[in-house]
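Here's the structure we're looking at; comments come further down.
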Amino acid sequence: MFGKMLSGEASWKNLAGPVTIADYAGQSAKLGIDYYLKFMALVSISLGVLNLLPIPVLDGGHLMYHILEVIKGGPLSERTMAWGQQIGLALLFTLMAFAFFNDLSRLLGPLFNG
């Protein structure tokens, strides 16, 4: 889905943050423990997959560093790793801010749209 968002095949409005997740958790809990546990499993799997993205501050980024070290035949420089960490943090914070913005838009949109 993330790839489809990058290519424009899916809307960025599909990205949800903590407010939407909490809302859906509450809705699923009202349907019963079975629905709630299935929803929590889906959220957990989604976070696990997100953690494997090749962004340096995530586990997928650490795997990427190890692969690059194998290809290079030695460790990456401290400067390269520091730049990667900074870029990774910037990407992650941007993604989180966008998800939170979508949450607020969903929550406050009806107030401003009548």
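The values are calculated or read from the model by the stated rules, or taken from the named source; none is laboratory data. All of these numbers come straight from a predicted model, not from anything done at the bench. We place every Cβ from the backbone using ideal geometry, glycine too, and count neighbours over all the protein chains shown.
Annotations for the structure displayed:
- Taken as a whole, the structure leaves residue 42 outside the set of residues that are closer than 30 Å to residue 22 by Cα, of a type outside the set (S, T, N, Q) and within 12 Å of the chain's Cα centre (by Cα).
- Number of the exception - residue 52 against (1) modelled with pLDDT of 95 or more; (2) within 17 Å of the chain's Cα centre (by Cα): (1)
- Across region 8-24, the qualifying residues are those that are without any contact (Cβ under 8 Å) to a residue 24 or more places away in the chain and assigned to a loop (DSSP other than H, G, I, E, B), and the one among them that is surrounded by the most Cβ atoms within 10 Å (Cβ to Cβ) is 10.
- Of all residues in region 66-85, none satisfies being within 21 Å of residue 5 (Cα to Cα), part of a helix (DSSP H, G or I), out of contact with any Phe, Trp or Tyr (no Cβ under 8 Å at 6 or more places or on another chain) and modelled with pLDDT of 90 or more.
- Condition check for residue 110: surrounded by 13 or more Cβ atoms within 10 Å (Cβ to Cβ) and modelled with pLDDT under 90: no
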